[in-house]
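S.K.: I'd like to ask you about the structure that follows.
Read-outs throughout are calculated quantities, based only on the coordinates presented, and are distinct from any laboratory measurement. For clarity, every value in this text was computed on a predicted model and none was experimentally measured. Positions of Cβ are generated from backbone atoms using ideal geometry, with glycine treated the same way; all protein chains shown enter the neighbour counts.
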Amino acid sequence: MNALQTLHLNNCSSLQELPTSIGQLSALQNLNLINCYSLQELPTSIGQFSALQNLHLLGCSKLQELPTSIGQLSALQNLNLINCWSLPEIPTSIGQLSALQNLHLNNCSSLQELPTSIGQFSALQNLHLNNCSSLQELHTSIGQFSALQNLHLNNCSSLQELPTSIGQLSALQNLHSNNCSRLQELPTSIGQLGALQNLHLNNCLSLQELPTSIGQLSALQKLNMWGCSKLQKLPTSIGQFSALQNLDLKNYWGLQELPTSIDQLNALQNLDLKNCWSLQELPTFIGQLSALQNLHLKNCWSLQELPTSIGQLNALQNLNLKNYSSLQELPTSIGQLSALENLHLNECWSLQELPTSIGQLSALQKLNLWGCSKLQELPTSIGQLNALQNLDLLRCSKLQELPTSIGQLSSL
């Protein structure tokens, strides 16, 4: 057995303990104890696994502690403790795992804090703490993770703040803090994350503002903030996101306006403003978003009109205005959207007519007018939509006839 490299004991649901002699497996590289539901502790001798690279304890829901000797696993690269619900703490000795690259603690719902010694993880690339609902804070030492690329804190519902030292994570590419319902603010130091590409803050219900320094995130490609209902405005510095491709602000109920600086987002491809009920207007110069491909304005009930500059969005492929109940007309400039493939106007109850210029939408494949109950006629120019494949006029109750030009729609 001295040559054994991999030991699988997955789904041994009645296994309560491992023999002390297991530590004699000097060549062991992989130890899998997944879903050993009855396992309450590991023997101290586990620290003798000098070659162990992967330790999987996923689903060991009765495991209440890790032996101090775990810090002796000098070759350990991956430690998986997902769904270890009964584990209240991690031993300080874990900081000695100098080769550790991945630490998965998702669903460790009894875990209240991480030891300060974790700052010694010089090789750590991925730290997953999703659904650690009792975790109240991250220690300042987290800033010492010089190799950390991914930090996942989704559903850490007791977490109230992020340490200032988080700005020292020079290699961090992805920060996920969705559903951190008690998180009230981000530290100013977040602007120092020069490598950050994705920032997810969805449903951070207590978040009231973003620091101005957020605009310094020069590598940021994706910012997700849907459902941040207490956040009333975005900082002007958001216009400095030179690499931003995706901005998701749906369900951002308190948002009344977008900063005018948003027109500087030259790389932006997707802007999602669905269910922004309080949004009253779009910036006049939104047409300067030269890379924008998708614009979602569904259920923006307070938005009165679209700016004329919308016609300058030369790359726009999808425009979703569903249930935009106060929209009475589309600007004539909409005909300039030469790349537009899908136009959704479902349930635009106040829309009375379509501009003649709509016939210029040479790439349009789908036009959805379902539920436009005040629309009385379609312009003759609709017959020029040579690429149109789908036309939905269901529940357009005031529409009495179709223009004869509709017969020209050979792709319909």
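S.K.: R0 = 41 Å: FRET efficiency of Gln304 with Leu409, Cβ-based, nearest 0.05?
M.R.: Values: r = 32 Å, r/R0 = 0.77.
It comes to 0.80.
S.K.: Can you check what the Kirkwood hydrodynamic radius comes to for the chain, Cα pairs only, in Å to one decimal?
M.R.: About 24.4 Å, per the Kirkwood formula over Cα pairs.
S.K.: In sequence order, what are the phi-derived ³J(HN,Hα) couplings for segment 349-356 according to the Karplus relation 6.51 cos²θ - 1.76 cosθ + 1.60 with θ = phi - 60°, rounded to whole Hz, with x for glycine and proline?
M.R.: Coupling constants for segment 349-356: 4, 8, 5, 9, 7, 10, x, 4 Hz.
S.K.: Assign one of three labels to segment 164-287, namely rounded, prolate or oblate, based on the Cα gyration tensor with a ≥ b ≥ c the square roots of its eigenvalues; rounded applies when a/c is under 1.5, prolate when it is not and a/b is larger than b/c, and oblate otherwise.
M.R.: Cα axes put segment 164-287 in the oblate bin.
S.K.: On to the next question. Compare the peptides 52-59, 204-211 by average per-residue count of other Cβ atoms within 10 angstrom and give them in order, highest first.
M.R.: 52-59, 204-211
S.K.: Related question: Mind checking the dipole of the chain: about its Cα centre, +1 per Lys or Arg Cβ, -1 per Asp or Glu Cβ, Debye to the nearest 20? Mind dumping the intermediate values first?
M.R.: Details: 13 positive and 22 negative charges, 69 e Å.
Charge dipole of the chain: 340 debye, to the nearest 20.
S.K.: With a 10 Å radius around each residue's Cβ, average the other Cβ atoms per peptide and rank 174-184, 19-29, highest first. Mind dumping the intermediate values first?
M.R.: Working: 174-184: 19.4, 19-29: 15.5.
Sorting 174-184, 19-29 by mean packing, highest first, produces 174-184, 19-29.
S.K.: Choose one of Leu57, Leu345, Ser26: the residue whose Cα lies farthest towards the positive end of the charge dipole of the chain (beta-carbon charges +1 Lys, Arg; -1 Asp, Glu; about the Cα centre).
M.R.: Farthest towards the positive end: Leu345.
S.K.: Taking Cα atoms of segment 317-412, Rg/Rh with Kirkwood Rh, to two decimals?
M.R.: 0.92
S.K.: Going by average Cβ density within 10 Å per residue, which order do the peptides 100-111, 392-403 take, highest to lowest?
M.R.: In decreasing order of mean packing, 100-111, 392-403 become 100-111, 392-403.
S.K.: Let me ask something else about it. If you wrap a convex hull around the C-alpha atoms of segment 272-312 and split its volume per residue, what is the figure in Å³?
M.R.: 62
S.K.: Across bins of 10 angstrom width beginning at 0, how are the C-alpha pair distances of segment 259-345 distributed, in whole percent?
M.R.: Going out from 0 Å in 10 Å bins, segment 259-345 shows 18, 57, 24, 0 percent.
S.K.: Positive end of the dipole of the chain, charges at C-beta (+1 Lys, Arg; -1 Asp, Glu), about the Cα centre: which of Asn246, Leu169, Pro67 has its Cα farthest in that direction?
M.R.: Asn246
S.K.: Something else now. Set the Förster distance to 60 Å, then compute FRET efficiency between Arg395 and Asn10 from the Cβ-Cβ distance, nearest 0.05.
M.R.: Values: r = 55 Å, r/R0 = 0.91.
Approximately 0.65, to the nearest 0.05.
S.K.: Too long at a 30 Å Cα-Cα cut-off: which of Lys322/Lys398; Lys274/Lys398; Lys62/Lys250; Lys230/Lys398; Lys250/Lys374? Walk me through the intermediate numbers first.
M.R.: Details: Lys322/Lys398 19 Å; Lys274/Lys398 27 Å; Lys62/Lys250 40 Å; Lys230/Lys398 40 Å; Lys250/Lys374 27 Å.
Check vs 30 Å cut-off fails for Lys62/Lys250; Lys230/Lys398.
S.K.: Sticking with this structure for a sec: Relative contact order, percent, of segment 317-412 when contacts are C-alpha pairs under 8 Å separated by at least 6 residues? Write out the running numbers ahead of the final one.
M.R.: Working: 256 pairs, mean separation 23.6, N = 96.
25 percent.
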